[in-house]
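Laboratory data are not the source of any read-out in this text; all were calculated from the coordinates shown. In this text the structure is predicted, and so the values were computed from the model without any measurement. Counting neighbours? That spans all protein chains shown, and the Cβs are built from the backbone with ideal geometry, glycine included.
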Amino acid sequence: MVFSRMAREVQSSATIKISTKVKLMRAKGIDIIGFGMGEPDFTTPDNIRNAGIKAINDGMTKYTPTSGTMELKEAICEKLKNENKLEYSPDQIMTSCGAKQSVCNVILALCDKGDEVIIPSPYWVSYSEQVVMAGAKPVLVHADDSTDFKVSPDDIKKAINNNTKLLVLNSPCNPTGTVYSPAELKEIVSCAIDNGIYVISDEIYENIVYDGTKAVSPASFGPEFMDKVITVNGFSKSFAMTGWRLGYAAGRGDIIREAIKLQDHFTSSTSSITQVAGVEALKGPQDFIKVMVAEFDKRRQFITQKLNSLDGISCVIPKGAFYVFPKISGLFGRKIDGEMVHDSESLVNTLIDKANIAFVHGKSFGSDDHVRISYATSMENIVEGMKRLENVLAK
Ligand code: PMP
Ligand code: GLU
């Protein structure tokens, strides 16, 4: 066998695959509208960009400790205390090249062959693959439109057995936009910690919430929660800093230390320049977030209304993140512009080929009855993309 177990078992990332395809088509001059990548279309705010430029000019160009500079870790502790009611010290913080790496380090630090990791589904594509990298088994617990894609504590209890090591939660959720209430979260997380199971709480979309919804950090529910919950967050979404690569994990000192040890051998720290910009992001003005979220909200309202007006499509109105996850199984068995649609992937391919719009098929997120549409693109693109969708469905 040429390739390792890991290489053979891990699936490629559907989100990255689609967005790469869109970029290639655009480079060829094709007028494609991409709804694939979950990436704010906003530019990183000026003050943060300038902090990065200054860091270069000041010669902040050397390795930093793997877990990040003390200044950044202290700024993260301040943020977690003020915004999330979480008391951590800098030695309980690990910064990484994106929240993606933070999640991966923690999974690799906790999970082995034979362990099971519960992932409420629909779920972000990388969780399951990172669990597979660890040699552990992803156990998907499904929820659908009927519960706004929320799993119940009972669903979680049923999935727990002696091999269960970890539960991965993501509220607000990619791809569904679902936000659990504090009471719901407390019940679900309690099922895990009462059984000695660790929890990763990926809170990267915490600021992107609508209709007065508030995201909470389950680690703040009490000392027993602090002991088992590892909080992950990042700068990509809240500060439109996807390309800078900065995320972090906060948790019990021993868990974070082991995760840092692994990162020592992967990437060392993230970029020294990015870390300076990250401090500015946390300590500088925060009004950018409100402006961005208000714009996302307009798009959310438009896109859900439009999708729900189309025959064969229905869409839960999400309370967070910048995705909609419409049910498209009503289109199965129909021909769209001569192409038979029989699953989410054939629909996505047909829409790329016939309408020049790119969604991501739901299969990779755990539901073949849905597609994911990211509305982190301009209103102009959304209006045009929805027009193209409506027109092609009529063919
Ligand atoms: N978690 C979720 C749920 C995401 O959607 C993403 C996508 N970017 C990440 C983590 C990772 O983000 P980053 O690595 O850019 O911080
Ligand atoms: N998280 C974003 C998404 O889901 C970026 C791509 C990725 O890392 O998966 O589209």
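In table form, for the structure just shown:
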quantity: Descending semi-axes in Å of the chain, equivalent ellipsoid built from Cα gyration tensor; calculated: 33, 25, 21
quantity: Antiparallel bridges, percent of DSSP beta bridges restricted to the chain (to nearest 5); calculated: 45 percent
quantity: Cα principal axis extents for the range 1-113, largest first, Å; calculated: 46, 45, 32
quantity: Choice from P218, P285, P40 showing the highest fluctuation, given a GNM over the chain with Cα pairs closer than 10 Å; calculated: P285
quantity: Sequence-distant residues sharing a close amide H with E203 (under 5 Å, placed H); calculated: V232, N233
quantity: Cleavage-rule hits, trypsin sites (Lys or Arg not before Pro), the range 1-66, DSSP coil, Cβ neighbours within 10 Å at most 13; calculated: K28, K62
quantity: V141 long-range amide H proximity, modeled H, under 5 Å; calculated: I119, S121
quantity: Gained length - K17 relative to E258, 0.36 nm times residue gap less alpha-carbon distance; calculated: 83.6 nm
quantity: Value of relative contact order over the range 209-298, rounded to a whole percent, pairs C-alpha under 8 Å and six or more apart; calculated: 24 percent
quantity: Percentage of interatomic Cα-Cα distances in the range 166-236 larger than 16 Å; calculated: 43 percent
quantity: Most mobile listed residue (E280, E129, E224) in the chain, GNM with C-alpha springs under 10 Å; calculated: E224
quantity: Among S344, V279, A321 the positive-end extreme of the charge dipole of the range 261-395 (Cβ point charges); calculated: A321
quantity: Candidates I30, I188, I230: whichever shows maximal mean-square fluctuation once the chain is modelled as a Gaussian network with Cα springs under 10 Å; calculated: I30
quantity: Isotropic mean projected area of the C-alpha convex hull, the range 66-147 (nm²); calculated: 7.0 nm²
quantity: Coordinate range along principal axes, alpha carbons of the range 129-202, Å, largest first; calculated: 31, 26, 20
quantity: Relative contact order computed over the chain (Cα-Cα under 8 Å; 6+ residues apart), in percent; calculated: 22 percent
quantity: Charge dipole (the range 1-123, unit charges on Cβ, about Cα centre) - positive-most of T95, L110, S12; calculated: S12
quantity: Nitroxide proxy distance, nm - points 7 Å out along Cα→Cβ at E184 and K81; calculated: 3.2 nm
quantity: Segment K113-D148, length gained on full extension (0.36 nm per residue, minus Cα span); calculated: 9.3 nm
quantity: Across K327/K395; K81/K158; K28/K319; K79/K261; K23/K335, pairs whose alpha-carbon gap is larger than 29 Å; calculated: K81/K158; K28/K319
quantity: Virtual paramagnetic centre 7 Å along Cα→Cβ of N381, amide N under 15 Å, in the range 311-329; calculated: 322-324
quantity: Cα convex hull of the range 40-195, projected area averaged across orientations, nm²; calculated: 11.5 nm²
quantity: Relative contact order for the range 137-191, counting Cα pairs under 8 Å that sit 6 or more residues apart, in percent; calculated: 35 percent
quantity: Bins of 5 Å from zero: percent of alpha-carbon pairs in the range 315-361; calculated: 5, 22, 26, 23, 13, 8, 3, 0
